[in-house]
Amino acid sequence: EAKKRVGGNYKFYNSEIEKRYYNKIELENDLKKAIRNDELFMIYQPQFDLSTEKLTGIEALIRWEHPRKGMISPVEFIPIAEETGLIVPMGKWILRTVCEQNKRWQDAGFDPIRVAVNVSIRQLQEDDFVDSVKEVIEETSLEPEFLEIEITENIMRNVSDLNHKLIALKEIGVTVSIDDFGTGYSSLNIISDLPIDSIKIDKSFIDGLVTKAKKQVLAKTIINMGHNLNFSIIAEGIETREQLSFLRNNSCNIGQGYLFSKPVSAKEVEEYFLN
Ligand code: C2E
Ligand code: MG
Ligand code: MG
Ligand code: MG
């Protein structure tokens, strides 16, 4: 009797794993075709200067409209793209698409803005990463100051020659920010030496900002440390007026979040946010 039950449980457990496994294989195969089939597209979330309330830039975020499964979150498919190495060609497509879009806006006469692009560790590990950024800047004729590269803290452990790569990026003229700051592995000693322009305080700090004293201490500390190192501070995931006023009162420079706007299509960026 007991044996049967164990057997039954085992089978259930097994088929769950199997399902997940086949789902992953399926996504992997579909993802390979996604660029070619035009299923990937970028949306953009505006970022505002917290003291002047002016638009300073936008962050580009990828979306996948799967032909049968509908919208799939990057939280689900970016890790698959990273594991399989697909993120490398996909990352090139992202950079090109975003730079072309930004250049088109400028050519149409809108005030120039900076567009931030998320770059995976896996992309930065490629020997030709910096060259591929340079190439895209040249081919799209976007001025480099209007492109920002977002990387995470975890690059510090995983990318060899990081300092050289970042210096080379600075030489091209693009800006670099550290995304999800405070959640990964970073050494303050290393970060203070890296040629970066800004850090983005992770949403997990912003979430408890009004009710949790500890989060306030952490946020203030990150802002002060960043300013002392000459970094500009961006807060992500601002959802309430209270969070906004806390950040403003504590001299955070730039903010983005649902309070201002969710990520929107390129067309909506043009309609609602560009001047
Ligand atoms: P991230 O770069 O930290 O992006 C912020 C995420 O928070 C985005 O989720 C954004 O839509 C969401 N968000 C922004 N404001 C708010 C808010 O006020 N409340 C809440 N609840 N969420 C907010 P998304 O677009 O699903 O992207 C998730 C992650 O996937 C990104 O985190 C980034 O790590 C990765 N990702 C997205 N696009 C790309 C891409 O083009 N390339 C790479 N390599 N990774 C990407
Ligand atoms: Mg980001
Ligand atoms: Mg982030
Ligand atoms: Mg985040």
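The values are calculated or read from the model by the stated rules, or taken from the named source; none is laboratory data. Since the structure is predicted, the reported quantities are computational estimates derived from the model, not experimental observations. Note: ideal-geometry Cβ built from the backbone for every residue, glycine included; neighbour counts use all protein chains shown. Note: areas computed on protein heavy atoms with side chains; ligands, DNA, RNA excluded. Shrake-Rupley method; radii C 1.70, N 1.55, O 1.52, S 1.80 Å.
Remarks
- Failed item, numbered, when Thr211 is tested on (1) away from ligand 2 (no atom under 16 Å from the Cβ); (2) assigned to a loop (DSSP other than H, G, I, E, B); (3) at pLDDT 95 or above; (4) β-branched (Val, Ile, Thr): (3)
- Cross-chain or 6+ apart pairs with Cβ under 7 Å, segment 77-88 first and more than 13 Å from Ile62 (Cβ to Cβ) and part of a helix (DSSP H, G or I), then open to solvent by less than 50 Å² (accessible area, probe 1.4 Å) and within 16 Å of ligand 2 (Cβ to nearest atom): Val88/Gln123
- Residues within segment 203-227 that are open to solvent by less than 60 Å² (accessible area, probe 1.4 Å) and either within 13 Å of ligand 1 (Cβ to nearest atom) or among the basic types (Lys, Arg) (or both), tallied: 5
- The condition of being out of contact with any Phe, Trp or Tyr (no Cβ under 7 Å at 6 or more places or on another chain), within 16 Å of ligand 3 (Cβ to nearest atom) and within 24 Å of Val88 (Cα to Cα) holds for only one of Thr140, Thr175, that being Thr175.
- From the options Glu126, Glu150, Glu100, residue that is at pLDDT 95 or above, closer than 25 Å to Trp64 by Cβ, within 17 Å of the chain's Cα centre (by Cα) and acidic (Asp, Glu): Glu150
- Enumeration of residues in segment 238-275 that are part of a loop (DSSP other than H, G, I, E, B) and in contact with a Leu (Cβ under 9 Å, 6 or more places away or on another chain): Ile238, Glu239, Thr240, Ser251, Cys252, Asn253, Gly257, Leu259, Phe260, Pro263, Leu274, Asn275
- Among the residues examined, Ser204 does not qualify as within 15 Å of ligand 3 (Cβ to nearest atom), in contact with a Phe, Trp or Tyr (Cβ under 9 Å, 6 or more places away or on another chain) and among the small types (Gly, Ala, Ser).
- Residue match in segment 162-179 (condition: without any contact (Cβ under 8 Å) to a residue 24 or more places away in the chain and among the β-branched types (Val, Ile, Thr)): no
- Here Lys262 meets each of (1) of a type in the set (D, E, K, R); (2) in contact with a Gly (Cβ under 7 Å, 6 or more places away or on another chain); (3) within 13 Å of ligand 1 (Cβ to nearest atom) with one exception, condition (2).
- Candidates Ser265, Ser204, Ser251 - the one that is of a type in the set (Ser, Thr, Tyr), touching a helix residue (DSSP H, G or I) at 6+ places or on another chain (Cβ under 8 Å) and either within 25 Å of Tyr44 (Cα to Cα) or within 14 Å of ligand 4 (Cβ to nearest atom) (or both): Ser251
- Once segment 237-259 is narrowed to residues that are open to solvent by less than 50 Å² (accessible area, probe 1.4 Å) and in contact (Cβ under 8 Å) with a residue 40 or more places away in the chain, the residue that is nearest to ligand 3 (Cβ to nearest atom) is Gln256.
- Members of segment 150-181 that are part of a helix (DSSP H, G or I) and open to solvent by less than 10 Å² (accessible area, probe 1.4 Å): Ile155, Leu166, Leu169
- If the condition is being in a strand (DSSP E or B) and either exposed (fewer than 14 other Cβ atoms within 10 Å of the Cβ) or at pLDDT below 95 (or both), then segment 20-48 contributes only Phe41.
- Some residue of segment 182-194 being modelled with pLDDT of 95 or more and surrounded by 19 or more Cβ atoms within 10 Å (Cβ to Cβ): no
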